[in-house]
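The values are calculated or read from the model by the stated rules, or taken from the named source; none is laboratory data. These numbers come from a predicted model, not from an experiment. Cβ placement follows ideal geometry from the backbone for every residue including glycine, while neighbour counts extend to all protein chains displayed. In case anyone asks, the SASA skips ligands and DNA or RNA and just uses the protein heavy atoms, side chains included. Shrake-Rupley method; radii C 1.70, N 1.55, O 1.52, S 1.80 Å.
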Amino acid sequence: MIPLYDNVQARSFPFVNWAIILANIAFFLIEVALGPDAERFVTVFAVVPARLLANPGPDQIATLFTSMFLHGGWSHLLSNMLALYIFGDNVEDRMGGGRYLTFYIICGLIAALTHVLFNPDSPIPTIGASGAISGVLGAYLILYPTARVITLIPIFFLPWFVEIPALVYLGVWFLSQLLNGTLAIIIGAQGFGGVAWWAHAGGFVAGIVLVGLFIQRRNRRRVYADEYWPW
């Protein structure tokens, strides 16, 4: 299933969400420009659970942040940025730019730590914005449970466009992360399928739990009883 757009219109332009998207694209272009040195660059700035736990110094702790802006290929980048484009603007709309940026980073850090927790001995570098974006998805689920997501489902090379409730789309997505993450533990394959499933699950749960702390409280006009106005 490929999400294309949702039916929720943001009230303001999502400056921060676009800044995050452009930052991810910029860092990926740096990776591409490095050519043969890109692998070493990624290894240095990626989260490597075994390396982090063996030497939890400032440089390794920093990888929890830097890894959020690196990607392993065009498909990895584009799929993440598409999800951020579709769901991020509405979440920023409810939080405001500064709170949204803080929320995004915190969810990304929690996602990375969740991956480390479930894969403490892994020597595999982990990169990608998907953990932080999973937090955005969790927030979206709480803020817009009745929204609908227009989704492309290719069937025998034929495009099929389906309007799916956000509650169903995101619920199924989250369950798939849990299922694949559990399967990875059972068969002993860290990073099963090349995907950090538990980072996604951790980021999603973080988004659900933290969203209430970051949404802006809208001012409400008070209605006074007649006795307060003697005239």
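Residues in the range 61-82 that are part of a helix (DSSP H, G or I) and open to solvent by less than 20 Å² (accessible area, probe 1.4 Å): Thr63, Leu64, Ser67, Met68, Leu77, Asn80, Met81. Can you confirm whether the range 83-99 contains a residue that is among the hydroxyl-bearing types (Ser, Thr, Tyr) and either under 17 Å from Ile133 (Cα atoms) or open to solvent by less than 20 Å² (accessible area, probe 1.4 Å) (or both)? The answer is yes; a qualifying residue exists.
Restricting Val168, Val162 to residues that are part of a helix (DSSP H, G or I) and either at pLDDT 95 or above or exposed (fewer than 14 other Cβ atoms within 10 Å of the Cβ) (or both) narrows the list to Val168. Filter the range 36-60 for residues that are farther than 19 Å from Ile105 by Cα and open to solvent by 40 Å² or more (accessible area, probe 1.4 Å) and give the result. Listed by number, the residues that qualify are Pro36, Asp37, Glu39, Arg40, Phe41, Thr43, Val44, Arg51, Leu53, Ala54, Asn55, Pro56. Filtering the range 100-153 to residues that are among the hydrophobic types (A, V, I, L, M, F, W, C), open to solvent by less than 10 Å² (accessible area, probe 1.4 Å) and not in a helix (DSSP H, G or I) leaves Ala129, Ala147, Val149. Restricting Leu4, Leu29 to residues that are open to solvent by 70 Å² or more (accessible area, probe 1.4 Å) and either without any contact (Cβ under 8 Å) to a residue 60 or more places away in the chain or closer than 30 Å to Val172 by Cβ (or both) narrows the list to Leu29.
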